[in-house]
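The values are calculated or read from the model by the stated rules, or taken from the named source; none is laboratory data. It should be emphasised that the depicted structure is a prediction, and the values quoted were computed from it without experimental measurement. Backbone-built Cβ (ideal geometry, glycine too); neighbour counts: all protein chains shown. When the accessible area is computed, the model is the full protein with side chains, heavy atoms only, and any ligands, DNA or RNA have been set aside. Shrake-Rupley method; radii C 1.70, N 1.55, O 1.52, S 1.80 Å.
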Amino acid sequence: MKRIALFIGLLLAVGALNQLAAQKTSSKNKCTIGTELDLFPYVSNGYYASAWLGLDDQQVRFRSILAKSDLPDFMLDDEFNRNTLKAYAVVVDYFFKPNYKGAWLGSGFEYWDGELEDQLKNKSGYHAWVYTLGAGYVWKIWDNLYVNPWIAGHLRIAGSKEVRVGNELYKPDRFTPEISIKLGYHF
């Protein structure tokens, strides 16, 4: 139920921000919208979608994110066969240059909904509220189409501290690093 409420909240926030962008017609307060796709989840049996609204005169953007991924085998303990993670996030980014290019820093909150599977196919779910801090660099490759390599750290601030899966006990990491590449476009 929390996942559905969070996702609906993200959709409402993006809708409200989109309405705000439509009302802002002066160049001084120009808003823009964009979208991004992260490549890592697609190669790990998942998906990633992000919509964002930017305030051009302040070089700030607000992102909502929906993602799913199977963690790579090298990140799993030998006792586990699969760890599927769904993430719902809201992040604010600041760009050091105008037009959403160059270096950026971002911070926000995420809700992680995970499911573990042990070697005997027993399954168990877990969840976490996460604070995220990240940075990246946007290279415009054609018009407003861009490549965005990025890195982030995720700090679990609440949620499951341990999960029993069959006879195994899993303890989610308190800190999780992440690195990937996004493709994006802003309108």
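Numbers below:
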quantity: Chymotrypsin sites (Phe, Trp or Tyr not before Pro) within segment 72-149: DSSP coil, no more than 12 neighbouring Cβ in 10 Å; calculated: PHE96
quantity: Cα centroid separation, segment 71-85 to segment 29-54 (Å); calculated: 25
quantity: Alpha carbon convex hull of segment 80-168, projected area averaged over orientations, nm²; calculated: 7.1
quantity: In segment 112-187, GluC sites (Glu not before Pro) in a DSSP loop with at most 14 other beta-carbon atoms within 10 Å; calculated: GLU162
quantity: ASP143-LEU39 FRET efficiency (beta carbon distance; Förster radius 30 Å; 0.05 resolution); calculated: 0.90
quantity: Segment ASP73-TYR94, length gained on full extension (0.36 nm per residue, minus Cα span); calculated: 4.2 nm
quantity: Rounded accessible area of LYS68 (nearest 10 Å², 1.4 Å probe); calculated: 40
quantity: Label-to-label distance, nm, for residues given as LYS161 and LYS30 (7 Å Cα→Cβ offset); calculated: 5.2
